[in-house]
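What follows is a set of notes on a single structure, which appears directly below.
Since every read-out is calculated from the coordinates, none of them should be taken as a lab result. As the structure is a computational prediction, the values presented were derived from the model and not from experiment. Backbone-built Cβ (ideal geometry, glycine too); neighbour counts: all protein chains shown.
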Amino acid sequence: MDKYVCIEKLAARRRNEIVVTTMGVAAPWARLSDGPLDFALVESAMGQGPPFALGLALAQPGRRIILLNGDGSTLMCLGALITIAQNPPDNLTIVITENGTYEVIGNCPIPGAECVNFETLARGAGFSQVYTIESDDDFDALLPLHFEGEGTPIFIWKILRAGEPVPKPQPYIRERAWCLRRALVGK
């Protein structure tokens, strides 16, 4: 499966959802959508996507939040999955793009990546809706759940190849945070 094709399909279907991207997904997503409801967490601490997306989901219950998180970023904050699974908001979707590398530091291999099963981790944390997507057909069949599903599903996209090294998006995180705040509360 190709990450770029997947996010193109996701972007084409998106309307007014908040999309939080981390590390290796941030740059390709920014090429497709870079509005006030797009928030890239690249220069922040790796692993902070899930708690940030949870906070948005709780603060904005009338709006769907989609988190595009890498496998390395997910491993950095596994405890957040347990926190989210215990009281899942019904407006949050977590996507884990799995390719076995830390793209943000030049596609370095994740130590032990071959031993990690994200579906098992998500189910062990308490998620009941976990989908591993290994083909374009799987992706196309499950795409509507990103927008219409209830509860907090986790999707694991099995990506066949690593992406390009990740540049920091512009504008910087402080400016992006103010843009998102203005879009959500009007101030």
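The ranking of Lys3, Lys9, Lys158 by Cβ neighbour count inside 10 Å, starting from the fewest, reads Lys9, Lys158, Lys3.
Under 5 Å from the amide H of Val20 lie the amide H atoms of Phe39, Ile66, Leu67, Leu68, each residue being 5 or more positions distant or on a separate chain, with H modelled from the backbone and absent for Pro and chain starts. The distance linking segment 85-113 with segment 27-80 is 10 Å (Cα centroid to Cα centroid, whole angstrom).
Spin-label pair Asp137-Ile82: with each label point 7 Å from Cα along the Cα-Cβ axis, the two points sit 3.8 nm from one another.
Placing unit charges on each Cβ (+1 for Lys and Arg, -1 for Asp and Glu) gives segment 3-185 a dipole about its Cα centre, and among Ala113, Gly72, Ile18 the Cα reaching farthest toward its positive end belongs to Ile18. Each listed q (0.23, 0.25, 0.29, 0.35 Å⁻¹) maps to a log10 I(q)/I(0) for segment 70-110 from the Debye sum over equal C-alpha point scatterers, namely -0.78, -0.85, -0.99, -1.19. Basic side chains Lys and Arg get +1 at the Cβ, acidic Asp and Glu get -1 at the Cβ, and with that the dipole of the chain about its Cα centre reaches some 860 debye.
Each Cα pair of segment 1-42 feeds into the Kirkwood radius, which the Stokes-Einstein equation turns, at 37 °C and 0.692 mPa s, into a diffusion coefficient of 318 µm²/s. So what's the chain giving for Rg/Rh, alpha carbon basis, Kirkwood Rh from the mean inverse pair distance? Rg/Rh for the chain comes to 0.92. Backbone N atoms of segment 31-73 closer than 12 Å to the 7 Å Cα→Cβ label point of Val116 belong to residues 47, 69-73. Note: relative contact order over the chain, using C-alpha pairs below 8 Å and six or more positions apart, is 28 percent.
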